[in-house]
Amino acid sequence: MLIPKDNSDGQKEPETKVETTTPELKTPTETVQPETTEIETREPETVEQEPTEKAEEPAAGKNIDDIGAYFSVSDVRNDVTGNWRISTIAENVDIQEYALSYYKEYFKDDKEIHAIVNFNYKTTTKISVIGNTLDVSIYDYVDGEEHDAKLLFSGTLLKEYSVNMDNGSIEEIQ
């Protein structure tokens, strides 16, 4: 670029060539990181529920309603305690698997002792409450025992089970 110089006396001096360069502007470069958000992932929590007394479904074991038998629970003749109840069935079932469901359906008080006479197996099962477990004892059937408390549970003890009332687990005792 040529720039004419002006002199104070009004005469023009020869033009001088002046080169100018535009300095590069250096601006700090910012690195912008994309904003990230952390998402915390967790396994769903398992909430344990306390079993409710006399619940519809047993915690474990089989449902007594699935047997298809009608349980007519009645008082036992000659029972001096007033706590004995009896039912009779003719079904091919292992009653210890249904004991918790039976308890929830038919016991009105934990002081009760229930007898279930099964004519198909010729056994009498005793179900009673001991603390937080059901004691399920299976005896040989004695002819006529369903009619008299003095004969009930007089047969030979065949098996005995403990049924946990919280989780329904069945443990063979004898």
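The values are calculated or read from the model by the stated rules, or taken from the named source; none is laboratory data. Not measured: the values here are computed from a predicted model. No Cβ is skipped: glycine too gets one built from the backbone with ideal geometry, and neighbour counts run over all protein chains shown.
Quick check on LYS108: is it surrounded by fewer than 17 Cβ atoms within 10 Å (Cβ to Cβ), under 28 Å from ASN78 (Cβ atoms), under 29 Å from the mean Cα position of the chain (by Cα) and at pLDDT 95 or above?
So LYS108 fits the description; yes.
Say we look at region 158-174 and pick out the residues that are assigned to a loop (DSSP other than H, G, I, E, B) and in contact (Cβ under 8 Å) with a residue 60 or more places away in the chain; which of these is surrounded by the most Cβ atoms within 10 Å (Cβ to Cβ)? The selected residue is MET165. Criterion first (of a type in the set (S, T, N, Q), over 13 Å from LYS159 (Cα atoms) and either under 24 Å from the mean Cα position of the chain (by Cα) or buried (at least 23 other Cβ atoms within 10 Å of the Cβ) (or both)) does ASN132 satisfy it? Here the answer is yes, as ASN132 does meet what is asked. Within region 140-157, the set of residues being of a type in the set (A, V, I, L, M) and either loosely packed, with under 14 Cβ neighbours inside 10 Å or without any contact (Cβ under 8 Å) to a residue 60 or more places away in the chain (or both) comprises VAL142, LEU151, LEU157.
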